[in-house]
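Okay, so here's the structure we're looking at.
Derivation of every value follows stated rules applied to the coordinates shown; laboratory data play no part. Because the structure is a prediction, the values reported are computed rather than measured. All Cβ positions, even for glycine, are placed from backbone atoms using ideal geometry, and neighbour counts span all protein chains on display.
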Amino acid sequence: MREQGSAAGKAIRRGLLLTLAVVALAALFQSLLSRRAEPEQGAVDGHSPPLAGQRIAETPIWMNVYSSSSLLDGEPLPPGTVVEAYDPQGVLCGRFVVAQAGKYGLMPVYGDDPSSPRDEGALPGDTITFWVNGNRATSTPAQVVWTTYGDLQRVDLYASSSRKTTQNWFVRTIAEISNSLRRLFSR
């Protein structure tokens, strides 16, 4: 009797895991298909960070982003990895060098100083794009919006060091979903 209950519990968990995987894949496919139609913000060729070599203008206005589980090539971000944030005009408004594997932040993402004529950073409502070691990253949440001074957002990043990201996105995505589901069900 106990063995039947144990087997039924395993079957229910497997069914739930399969259902979650299918729902996650469907949502991911929808997100990726909608992104393919949109041009990459800030990037001229989609492969290079906008205006590479910029310096950050550290304004008195910023929000913070962080992550405890970001990936490069399906593995936790290695120490020394450079994470950068850009506003829609291609202005570098945040940079962080990873010290602990898979983690970055708190990274200030600077806003535009209204008392200055220069464009130093983001404005409320701007979509922020992220680059990891010079490669465009996707994020969770899928769209990161600059909000206001002092806000704190968790932004998990997923990047590939390969320039052939369109060929590898499926493999990376499945690995990300698999890792997330394993963590979820190992508790």
Mean Cβ-within-10 Å packing, highest first, puts peptides 150-161, 59-70, 112-123 in the order 59-70, 150-161, 112-123
Expressed in Å to one decimal, the Kirkwood Rh of the stretch 62-180 from all distinct alpha-carbon pairs is 14.5
The ³J(HN,Hα) series, computed from each phi in the stretch 109-125 with the Karplus coefficients 6.51, -1.76 and 1.60 at θ = phi - 60°, rounded to the nearest Hz and given as x for glycine or proline, is 10, 7, x, 6, 7, x, 7, 10, x, 6, 8, 9, x, 7, 10, x, x
Net charge near ILE56 (other residues with Cβ under 12 Å of its Cβ; Lys, Arg +1; Asp, Glu -1) is -2
